[in-house]
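The values are calculated or read from the model by the stated rules, or taken from the named source; none is laboratory data. For clarity, every value in this text was computed on a predicted model and none was experimentally measured. Here the Cβ positions follow ideal geometry from the backbone for every residue, glycine too, while neighbour counts run over all protein chains shown.
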Amino acid sequence: MRIFRPACSLAAALLVALAASACAKRTQPLERPAPMPPPAVAETPSRPAPPSPVRDPVVVPPEPLADDGIASRSLDALNRDSPLRPALYAYDSADLTKEAQQALDANAGLLAQYPTWAITIEGHADERGTPEYNLALGERRAVAARAYLVSLGVAASRLRTVSYGKEFPFDSGHNEAAWAQNRRAHFVITAK
């Protein structure tokens, strides 16, 4: 039988204690939290300044339009000596020429000046061709003039189109000069 030595057991106990202390986590000492600041003294809220009184807007009546001799005329008188220029077309065409565009530009300016006017755009053709063909050609001419005016900012609701073909010639002659006047988009003021 062996005799247990106290020195060995003491050494073993020290080794176990050292190993346990080496493996143990070291904890940092806790810091004390900073003391809470004292509650803020509630200041009495200052009242906002009362709003300045709103002045009623001054209504300025529109200046009356200067009577340019057009606004005061009756529809019949306006259409008899129309301030609106016709757009003339080439033979067998509904394409707008430079001259037709210039006439429509002037008409758009006038329609902007008198925004209450309603217009009927009549499409016309010369006497050559069948009645059916001339009605269709007149319609294309009136629609082309309307589309151009709308592109310039004239409200589409103010413009109506109709075709008369060769039924109402401007010039009753039977030559090229008369026919050139009859190939047109004619403008009639229907309301003002």
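Summary of computed values
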| item | result |
| --- | --- |
| So ALA118, is it touching a helix residue (DSSP H, G or I) at 6+ places or on another chain (Cβ under 7 Å), surrounded by 21 or more Cβ atoms within 10 Å (Cβ to Cβ) and touching a residue at least 24 places away in the same chain (Cβ under 8 Å) | no |
| Close pairs (7 angstrom Cβ cut-off, 6 or more residues apart or separate chains): surrounded by 12 or more Cβ atoms within 10 Å (Cβ to Cβ) in the range 76-90, among the charged types (D, E, K, R) and modelled with pLDDT of 90 or more anywhere | PRO86/ARG184; ALA87/ARG184; LEU88/GLU99; LEU88/ARG183; LEU88/ARG184; TYR89/ARG141; TYR89/ARG183; TYR89/ARG184 |
| Selection count where residues are modelled with pLDDT of 95 or more, surrounded by fewer than 16 Cβ atoms within 10 Å (Cβ to Cβ) and not in a helix (DSSP H, G or I), scope the range 121-150 | 0 |
| Conditions (1) out of contact with any strand residue (DSSP E or B) (no Cβ under 9 Å at 6 or more places or on another chain); (2) closer than 18 Å to SER163 by Cα: number failed by LEU110 | (2) |
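Yes/no matrix, rows are residues, columns are (1) surrounded by 10 or more Cβ atoms within 10 Å (Cβ to Cβ); (2) modelled with pLDDT of 60 or more; (3) in contact with a Cys (Cβ under 8 Å, 6 or more places away or on another chain); (4) closer than 30 Å to LEU110 by Cβ:
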| residue | (1), (2), (3), (4) |
| --- | --- |
| ALA24 | no, no, no, no |
| GLN28 | no, yes, no, no |
| PRO33 | no, yes, no, no |
| PRO45 | no, yes, no, no |
| PRO51 | no, yes, no, no |
| GLU63 | no, no, no, yes |
